[in-house]
Amino acid sequence: MSLSTATSRAMRQNKPKKVFLYGGLTLLLAAFTAKWTGAPAGCFYLLLGTAIAFKTLFLITVFRSKGFRLSMWLCFILAGVFLILTAMLFKTIFPLPVLHTILFYGAIALKVIGLILLLRTNIKRITPPLLLLILLLPAGSYAQPVRDNAVAGYIAEWPRDSLLNAASMSILVMDVQTGRVIASLNPHTALLPASTLKLVSTGLSLLALGSDYRCRTALYYDGVIGRDSVLHGHLYVVGSGDPTLGSREAVATPVDSVFAHWTQALKTAGINRITGRIVADESFFAYEETPESWTWGDMGNYFGTCPSGLSFFENAYEITLASGVKEGDPATIRSVYPSMPDAQFINRVTTGKPRSGNNTVIFNSHYSTCHVLTGTIPARQDAFVIKGSNKTPAMSCIRYFDDYLNRHGITTAAAFDVWTERKFTKSPRRLLAVHHSPTLREIAGITNKKSNNLYAETLLKLIGVARKQCSLYDSSFVAVRQMLDSLRVSARSVQLCDGSGLSRQNYLTAQFLCDFLQAMYFSPVYPDFRATLATPGEKESTFNRLLPSVPTAHRLHAKSGSMSGVRAYAGYSENPNSTLVFAIIINNFNYKIAALQPKVEKLLRLITETKD
């Protein structure tokens, strides 16, 4: 064979390799250029997938060539490149952490072997394109720089702002699919999250119990029904944690409808009179007082209610007050609903200025039946309602049921009992009727959109029952941490003391909240979880006045958190090119929330306008 013929044949054999090599490199650079310039995600995936295909074809041509031995180092390096590209593709499209880790470390091993073999070959054989391919591809696949953008620029100004220079902040905004950071400020600093902690309680309860889970409240009886329609026995109202029984929420069945159904069940069974007791069985949840880290000023108020196996009227009570004409006049109690046995009220509420709002605080604990009312209400009010925490909701429930029975033709002995622990009866209990709560999906929606503390605490205990067969807070927190581990969400820097965020000993980081929201995004219950989050302008939610007149506000699906010295937001922004996940936690700021709110709302607006 002549020299010219051999040269021509070698050139024909090398031409496909050059096409695949240079073509793959060009496509890869184009893919990351598209990603960093904000092009649609589909464009990035298409370019990345085509680049992988070109590199695969290049490897095939190398293996089939006669110079295989001379290119052994190149085969290992390019195989590593192929694996690292595949790992990134799985990370962005199919987030499987175990497979992603195996591919990544496998790629590192192949590249190390390739570089060792390279050192044993003639270094002159390395061409500039190959050197560029070797040096840039590993970094290009995993580098996720925080680029200059409006969100990052605005956050960078906050530490120098007079409103925030003494505040503690933890902020993170990232792409939910790729994890690429858009902006951050102290993302690993643990701070008080306030009600954004409810995201964890609602999300994990949906995973642990299922979106269609319903709590069950049942009516039983024991004893004998005589021919004279008299029940010689007892009635039992047995709860299983339903926080909506007796609630006025739209998703809840009106309490009179529930009691009407039970009353009809009694009449159908031939019962017109009951000689025994009406027993409230709240033992589904182990008896436990208020979380020890709740403050004295919170426990007596409606937002400091505790979960019960048999809740009623959201474990709260309403006091109707009448104020005086002038400032300083005493206010008088008109009525209390529902009734609470042995409750005593020390009323120190006085009249405030007109239209001054509710400035009352109620003090009470599990260890006292005394409720101390303090503060002021506006002048010239005939029926001003304030709400407190009912520590005996099960008793209130059966007393109200007893009253309903007597008003609707069934006579009772007006004798009551509450079981906080499971007990056995001498004669078997027979089921009369069952009431089911709204779905967990609906309960979680009220929890997040209206920031209902009782619902959040109840969901936390239901997680403990489902995963540990124990509702105590300690057991529930163990279940929560195990579920977080299964989601691969690190909770090392997290401290949990309740399920609602009311405790001032809860600590979360922006990184944790974003990692959790990212895990929920890829979970099977994400559509239901997303539906529990509020959008700006949504009526009867904490977002009803958020971002007025902002065209992109509808992209937000989030949860807010607020308490003295704390402001927080966390959730998703469904932007045209990508979905962002964000967490904003601010503690210890110098001024009132009203002064801080415009800055937070501007940040939220910038997040919704991000084109990354």
Checklist outcome for this item: Taking the range 441-477 and the residues there that are open to solvent by 10 Å² or more (accessible area, probe 1.4 Å) and among the aromatic types (Phe, Trp, Tyr), the one that is nearest to Leu496 (Cα to Cα) would be Phe477
Checklist entry - Filtering the range 249-273 down to residues that are closer than 30 Å to Lys539 by Cα and without any contact (Cβ under 8 Å) to a residue 24 or more places away in the chain, which residue is least open to solvent (accessible area, probe 1.4 Å)? => result Ser257
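Criterion first (crowded, with 17+ Cβ neighbours inside 10 Å, touching an Asp or Glu at 6+ places or on another chain (Cβ under 7 Å) and either among the acidic types (Asp, Glu) or not in a helix (DSSP H, G or I) (or both)) does Ala394 satisfy it?
Against the criterion (crowded, with 17+ Cβ neighbours inside 10 Å, touching an Asp or Glu at 6+ places or on another chain (Cβ under 7 Å) and either among the acidic types (Asp, Glu) or not in a helix (DSSP H, G or I) (or both)), Ala394 does not qualify.
Okay, residues lined up against (1) among the aromatic types (Phe, Trp, Tyr); (2) within 30 Å of Asp298 (Cβ to Cβ); (3) surrounded by 14 or more Cβ atoms within 10 Å (Cβ to Cβ):
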position: Gln381; (1), (2), (3): no, yes, yes
position: Phe384; (1), (2), (3): yes, yes, yes
position: Tyr400; (1), (2), (3): yes, yes, yes
position: Asp403; (1), (2), (3): no, no, yes
position: His435; (1), (2), (3): no, no, yes
position: Thr439; (1), (2), (3): no, yes, yes
Item to check | Residues of the range 549-560 classified as open to solvent by 30 Å² or more (accessible area, probe 1.4 Å) and either free of Cβ contacts under 8 Å to residues at least 12 places away in the same chain or basic (Lys, Arg) (or both), total | outcome: 3
Checklist outcome for this item: Those residues of the range 265-321 that are in contact with a strand residue (DSSP E or B) (Cβ under 6 Å, 6 or more places away or on another chain), acidic (Asp, Glu) and under 21 Å from Ser195 (Cβ atoms) come to a total of 0
Item to check | Qualifying residue in the range 527-544 (condition: over 27 Å from Ser311 (Cβ atoms) and open to solvent by less than 40 Å² (accessible area, probe 1.4 Å)) | outcome: yes
Checklist entry - What are the residues in the range 444-485 that are aromatic (Phe, Trp, Tyr) and more than 18 Å from Gly309 (Cβ to Cβ), if any? => result Phe477
Checklist entry - Among (1) over 27 Å from Asn452 (Cα atoms); (2) modelled with pLDDT of 95 or more; (3) out of contact with any Ser or Thr (no Cβ under 8 Å at 6 or more places or on another chain), where does Pro428 come up short? => result (2)
Checklist outcome for this item: Residue hits (the range 157-186; assigned to a loop (DSSP other than H, G, I, E, B), of a type in the set (A, V, I, L, M, F, W, C) and closer than 17 Å to Gly571 by Cβ) are Val176
Checklist entry - Taking the range 357-367 only, how many residues are open to solvent by less than 50 Å² (accessible area, probe 1.4 Å) and part of a loop (DSSP other than H, G, I, E, B)? => result 4
Next on the checklist: If I filter the range 235-246 down to residues being touching a Phe, Trp or Tyr at 6+ places or on another chain (Cβ under 7 Å) and over 20 Å from Arg429 (Cβ atoms), which single residue comes out as surrounded by the fewest Cβ atoms within 10 Å (Cβ to Cβ)?
Outcome noted: Gly246
Checklist outcome for this item: His554: passes all of (1) in a helix (DSSP H, G or I); (2) under 23 Å from the mean Cα position of the chain (by Cα); (3) farther than 24 Å from Phe522 by Cα but (3)
Checklist entry - How many of the residues in the range 561-602 are over 27 Å from Gln505 (Cα atoms), in contact (Cβ under 8 Å) with a residue 12 or more places away in the chain and not hydroxyl-bearing (Ser, Thr, Tyr)? => result 6
Item to check | First in the range 342-364 and on the phi > 0 side of the Ramachandran plot, second anywhere and open to solvent by 50 Å² or more (accessible area, probe 1.4 Å) and among the polar types (S, T, N, Q), Cβ under 7 Å, 6 or more apart | outcome: Asp342/Thr369
Checklist entry - With respect to the numbered conditions (1) out of contact with any Asp or Glu (no Cβ under 7 Å at 6 or more places or on another chain); (2) open to solvent by 10 Å² or more (accessible area, probe 1.4 Å); (3) modelled with pLDDT under 95, which one is the sole condition not fulfilled by Arg504? => result (3)
Checklist entry - Say we look at the range 323-344 and pick out the residues that are within 30 Å of Tyr404 (Cβ to Cβ) and crowded, with 17+ Cβ neighbours inside 10 Å; which of these is farthest from the chain's Cα centre (by Cα)? => result Ala343
Checklist entry - Is the range 455-478 home to any residue that is part of a loop (DSSP other than H, G, I, E, B), over 18 Å from Glu282 (Cβ atoms) and not polar (S, T, N, Q)? => result no
Checklist entry - Just for the range 592-612: of the residues that are assigned to a loop (DSSP other than H, G, I, E, B) and open to solvent by less than 50 Å² (accessible area, probe 1.4 Å), which one is farthest from Ala152 (Cα to Cα)? => result Asp612
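The values are calculated or read from the model by the stated rules, or taken from the named source; none is laboratory data. Since we're looking at a predicted model, the values are computed, not measured. With ideal geometry, Cβ positions are generated from the backbone for all residues, glycine too; neighbour counts draw on all protein chains shown. The protein model used for the area step is the full one, side chains on, heavy atoms only, and it has no ligands, DNA or RNA in it. Shrake-Rupley method; radii C 1.70, N 1.55, O 1.52, S 1.80 Å.
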